[in-house]
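A.B. asks: Below are the structure tokens for one structure; questions will follow.
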Amino acid sequence: MTDTALVTGAFGLVGSATVHRLAADGRRVVATDLDTPANRKAAEALPVGVTVRWADLTDPTAVGALVDEVAPTAIIHLAAVIPPFIYQRRGLAERVNVEATAGLVRSAEKLATPPRFVLASSIAVYGSRNPHTVTGPLTADTPVNPADIYGDHKVKAEKIVRTSALDWVILRLGGVLTATPGSYMKLDNFYFEGMLPTDGRLQTVDVRDVATAFAAATTVDAIGETLLIGGDDATHRLLQGDVAPAMAAALGLVGGLPAGLKGDPHNDASWFNTDWMDTTRAQQLLGFQHHSWPDMLIETSANAGIKRPLLRLVAPLAKQILKRRTAYYGTGQRYADPWKAIEKKWGDPRPDGDTA
Ligand SMILES: NC(=O)c1ccc[n+]([C@@H]2O[C@H](COP(=O)([O-])OP(=O)(O)OC[C@H]3O[C@@H](n4cnc5c(N)ncnc54)[C@H](O)[C@@H]3O)[C@@H](O)[C@H]2O)c1
């Protein structure tokens with residue numbers, strides 16, 4: 001049987017890097033995603049050894065045909081509707097994040113030689129994390145307690161995979177960043193990050209290291225493992241409020257982002273769902289941590305090229321404009337409250353059945 005990895009969400013942030021990693025390792029890859037003009041354009045630049053199959057994973061017939069025809073030895077399931085867009089499209093998100101995962105798993109189970117299934121989950125499964133009251137970094141054994149639909153969908157998807165007849169590996173990702181952030185610099189993302197408590201803990205990770213982890217998870221002896229994927233403990237354990245300004249400064253926008261608000265030490269529910277993670281087991285099995293946070297900043301800066309001095313010039317103006325567009329501008333609020341801010345801007349983030 002030919003070794004073939006089927007990658008869903010193959011044209012997203014993690015998917016693109018994963019497809020490139022697998023192809024560079026000499027693996028046969030089938031990349032699948034929605035048939036959109038942007039994805040068709042990106043498909044033209046794919047490396048040798050990668051085949052593209054367009055499919056909407058919410059269509060069970062398309063999923064069945066895709067899995068049957070590709071007959072993969074491994075499926076890396078990345079396709080999802082993620083924050084902040086998820087809060088605007090609850091119904092669609094549930095169909096993609098939960099129902100499509102079930103459809104893919106059921107189709108894979110029917111193959112004569114069922115593939116290994118590697119699921120992209122998230123540390124959002126753990127829910128709000130007040131650094132003043134929680135202890136220790138997150139581990140695979142920390143109880144899940146989702147605070148929003150995203151974390152809730154990931155808990156449900158994990159359960160579908162864990163209770164399937166397939167060999168599985170689950171990767172719970174931290175804050176994935178790229179040293180080529182161009183297309184990810186959207187106003188919605190700035191706005192979203194500005195809602196989060198600046199003193200909330202976040203373990204970041206370079207998308208290329210995430211890709212290495214996914215590629216390794218398809219072959220190494222890790223079946224039945226739930227692994228936490230974050231960058232190295234020494235440099236990637238950051239505070240939320242340090243991340244975007246450092247990335248912006250690396251691009252040239254020095255001091256160009258307005259400062260956000262800290263979280264309320266006395267309100268556990270008003271913190272976002274990120275924290276530092278124990279990545280020891282994941283690193284031992286997958287050996288994926290290759291890009292430190294300072295190296296990412298240096299590379300981001302080099303990639304920005306001639307745009308850097310221009311961005312440096314407009315930084316003070318950018319700060320004034322962006323300040324007026326932050327979630328808490330003019331509210332007089334002392335502390336950040338991301339869930340309330342998300343509800344006001346995009347829609348109720350709470351899981352179904354938790355909206356009383
Ligand atoms: N980026 C992060 O920081 C992060 C953190 C934790 C977990 N994750 C998880 O990692 C995975 C990849 O995340 P990403 O940042 O690359 O997201 P992304 O939004 O960049 O990519 C998701 C891809 O899924 C595709 N998709 C959406 N609906 C689909 C459908 N109906 N049929 C087929 N394809 C569809 C999209 O077109 C997109 O290309 C997701 O499962 C996400 O939840 C990401």
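A.B. asks: Would you calculate the separation in nanometres between label points at ASP221 and TYR329, each defined as 7 Å from the Cα along the Cα-to-beta-carbon direction?
C.D. replies: 5.7
A.B. asks: Would you rank HIS266, HIS153 by solvent-accessible area, highest first, keeping every protein chain in place and using a 1.4 Å probe?
C.D. replies: Numbers: HIS266 165, HIS153 5 Å².
Ranked from most to least accessible, the order is HIS266, HIS153.
A.B. asks: Arrange the residues GLU69, GLU193 by how much accessible surface each exposes, largest first, with a 1.4 angstrom probe.
C.D. replies: Values: GLU69 125, GLU193 75 Å².
Descending order: GLU69, GLU193.
A.B. asks: When N counts the residues of the chain, how does its alpha-carbon radius of gyration compare numerically with 2.2 N^0.38 Å, as a ratio?
C.D. replies: Working: Rg = 20.0 Å, N = 356, 2.2 N^0.38 = 20.5 Å.
Expressed relative to 2.2 N^0.38 Å, the Cα Rg reads 0.98.
A.B. asks: What is the distance, in nm, between label points placed 7 Å from the Cα along the Cα-to-Cβ direction at ARG40 and at GLN320?
C.D. replies: Label at ARG40, label at GLN320, 4.4 nm between them.
A.B. asks: A follow-up question, please. Run the 1.4 Å probe and let me know the accessible area of LEU261, rounded to the nearest 10 Å².
C.D. replies: Result for LEU261: roughly 40 Å² accessible.
A.B. asks: Here's another thing I want to ask about it. From the helices alone, meaning DSSP H stretches of at least four residues, give me the mean residue ellipticity at 222 nm for the chain, per-run term -39500 (n - 2.57), in deg cm²/dmol to the nearest 500.
C.D. replies: Details: 14 runs with 139 residues, N = 356.
Calculated at 222 nm, the ellipticity per residue is -11500 deg cm²/dmol.
A.B. asks: Among VAL220, VAL176, VAL98, which one shows the biggest mean-square fluctuation in a GNM of the chain, springs joining Cα atoms closer than 10 Å?
C.D. replies: Result for the chain, Cα springs under 10 Å: VAL220 fluctuates most.
A.B. asks: Please give every one of the lysines within straight-line cross-link reach of LYS340, meaning a C-alpha to C-alpha distance under 27 Å, and leave out same-chain neighbours fewer than 8 residues apart.
C.D. replies: Here the lysines satisfying the reach criterion relative to LYS340 are LYS154, LYS156, LYS186, LYS262, LYS319, LYS323.
A.B. asks: Moving on. Quick check for you: with a 1.4 Å probe and neighbouring chains kept, what is the accessible area per residue of the chain, in Å²?
C.D. replies: Numbers: 15950 Å² over 356 residues.
Accessible area per residue, the chain: 45 Å².
A.B. asks: How much of the accessible area of the stretch 1-118, in percent, comes from carbon and sulfur atoms when a 1.4 Å probe is used?
C.D. replies: On the way: 2840 of 5210 Å².
Exposed carbon and sulfur together represent 54 percent of the surface.
A.B. asks: Heavy atoms only, 1.4 Å probe, whole protein assembly: order VAL205, VAL134 by accessible area, highest first. The partial results should precede the final answer.
C.D. replies: On the way: VAL205 0, VAL134 40 Å².
From most exposed to least exposed: VAL134, VAL205.
A.B. asks: For the stretch 245-321, which whole-number percentage of the solvent-accessible area (1.4 Å probe, protein heavy atoms only) is attributable to carbon and sulfur atoms?
C.D. replies: Details: 2570 of 4040 Å².
Roughly 64 percent of what the probe reaches on the stretch 245-321 is carbon or sulfur.
A.B. asks: How far apart, in nm, are two points set 7 Å out from the Cα along the Cα-to-Cβ line at SER292 and at ASN145?
C.D. replies: Roughly 3.5 nm, to one decimal.
A.B. asks: With +1 on each Lys and Arg Cβ and -1 on each Asp and Glu Cβ, how big is the dipole of the chain about its Cα centre, in debye rounded to the nearest 20? Present the calculation step by step, with values, prior to reporting the outcome.
C.D. replies: Numbers: 36 positive and 38 negative charges, 229 e Å.
Using only the charged Cβ atoms, the result is roughly 1100 debye.
A.B. asks: Take each uninterrupted DSSP H stretch in the chain, measure its Cα extent along the helix axis, and return the ones at 20 Å or beyond whose mean Kyte-Doolittle hydropathy is at least -0.5. Working shown, then result.
C.D. replies: On the way: long enough: 307-323 (22 Å, 0.23).
Span-like helices here: 307-323.
A.B. asks: Test of understanding: what is the full-extension gain from THR58 to ARG281, defined as 0.36 nm times their sequence separation minus their Cα-Cα distance? Present the calculation step by step, with values, prior to reporting the outcome.
C.D. replies: Details: separation 223, 0.36 × 223 = 80.28 nm, distance 3.36 nm.
Computed gain between THR58 and ARG281 is 76.9 nm.
A.B. asks: Could you state how much accessible area ARG21 has, in square angstrom rounded to the nearest 10, with a 1.4 Å probe and all protein chains kept in place?
C.D. replies: 80
A.B. asks: I want the antiparallel fraction of DSSP beta bridges within the chain, as a percent rounded to 5.
C.D. replies: Details: 3 of 37 bridges.
Antiparallel: roughly 10 percent of the beta bridges in the chain.
A.B. asks: Hey, any idea what % of the stretch 201-244's accessible area is carbon plus sulfur with a 1.4 Å probe? Write down the numbers at each step before the final one.
C.D. replies: Values: 630 of 1240 Å².
Its accessible area is 51 percent carbon and sulfur atoms.
The values are calculated or read from the model by the stated rules, or taken from the named source; none is laboratory data. All values derive from a computational prediction rather than experimental measurement. Cβ atoms come from the backbone with ideal geometry, glycine included; neighbour counts cover every protein chain shown. When the accessible area is computed, the model is the full protein with side chains, heavy atoms only, and any ligands, DNA or RNA have been set aside. Shrake-Rupley method; radii C 1.70, N 1.55, O 1.52, S 1.80 Å.
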